[in-house]
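Okay, structure first, notes after.
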Amino acid sequence: MPDRPVVLNNTPLVALWALGRLDLLRDLFGEVLIPEAVEAEFLAGDPARREALRNAPWVRKIALAHPRRALVYIGLDYGESEVLALADEMEARLVVIDERKARRYAERLGLPLTGTLGLLLLAKESGLLDSVADGIARLREAGLFLSPALVQRTLEIAGESS
């Protein structure tokens with residue numbers, strides 16, 4: 001596993017939990033890091049999430065070395081800010097974040113990034129997932145909003161568009 005970590009935000013974590021596929025993170029990356037604020041956001045939802053994290057030791061919470069760095073990202077929630085600060089401080093090899101404003105910050109920082117649908121594509125390319133379309137359908141059923149244009153583009157890349 002490369003030395004540089006993968007840092008994950010709450011929405012992709014919730015999405016994979018909703019699919020019952022936190023194991024994809026382990027299989028794709030070995031280990032992923034989440035900052036303390038993301039863990040707090042994740043655990044504030046369904047109580048079953050605590051057990052899910054306990055059963056997924058490859059999702060590791062880590063504190064920022066310099067917590068004040070998270071204060072510079074205006075307009076983001078604290079989880080997104082901590083993700084960007086952690087990724088920047090650890091020179092992450094990948095940031096997994098969906099929110100548009102946070103993605104713009106990540107691009108300006110030069111951080112490699114993907115989102116939930118990018119994870120599904122990686123999983124399919126790695127032979128860990130048979131169908132991106134099925135994953136997208138299940139995410140929509142779970143209440144996750146996915147841009148129709150982004151879904152269409154993702155399905156095209158996956159070779160699953162009609």
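The values are calculated or read from the model by the stated rules, or taken from the named source; none is laboratory data. As the structure is a computational prediction, the values presented were derived from the model and not from experiment. FYI the Cβ positions are ideal-geometry reconstructions off the backbone, even for glycines, and counts take in every protein chain you see. Heavy atoms of the whole protein, side chains included, go into the accessibility calculation; ligands, DNA and RNA do not. Shrake-Rupley method; radii C 1.70, N 1.55, O 1.52, S 1.80 Å.
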Practice task
Kindly check whether there is at least one residue in the stretch 83-101 that is open to solvent by 40 Å² or more (accessible area, probe 1.4 Å), touching a Leu at 6+ places or on another chain (Cβ under 9 Å) and farther than 21 Å from Val6 by Cα.
Solution key: no
Completion exercise
Of Leu76, Leu113, Leu155, Leu144, the only residue that is closer than 18 Å to Val32 by Cβ, in contact (Cβ under 8 Å) with a residue 12 or more places away in the chain and surrounded by 15 or more Cβ atoms within 10 Å (Cβ to Cβ) is Leu113
Handout entry: Filtered residue count, the stretch 6-57, keeping only those that are among the acidic types (Asp, Glu) and closer than 14 Å to Gly115 by Cα
Key = 0
Exercise for the section: Could you please find all residues in the stretch 125-141 being buried (at least 20 other Cβ atoms within 10 Å of the Cβ) and either touching a His at 6+ places or on another chain (Cβ under 7 Å) or among the basic types (Lys, Arg) (or both)? Expected result: none
Exercise for the section: Taking Leu24 as the residue in question, decide whether it is under 21 Å from Gly127 (Cα atoms), open to solvent by less than 20 Å² (accessible area, probe 1.4 Å) and part of a helix (DSSP H, G or I). Expected result: yes
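Which one is farthest from Val14 (Cα to Cα) among residues in the stretch 46-64 that are among the small types (Gly, Ala, Ser) and loosely packed, with under 14 Cβ neighbours inside 10 Å? Show your work before the answer.
Of the stretch 46-64, the ones among the small types (Gly, Ala, Ser) are 48, 52, 56, 63.
So of that shortlist, the ones also loosely packed, with under 14 Cβ neighbours inside 10 Å come out as 48, 63.
Numbers: Ala48: 12, Ala63: 20 Å.
Looking at residues that are among the small types (Gly, Ala, Ser) and loosely packed, with under 14 Cβ neighbours inside 10 Å, I get Ala63.
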Handout entry: Residue list for the stretch 35-45, filter: open to solvent by 70 Å² or more (accessible area, probe 1.4 Å) and assigned to a helix (DSSP H, G or I)
Key = Glu36
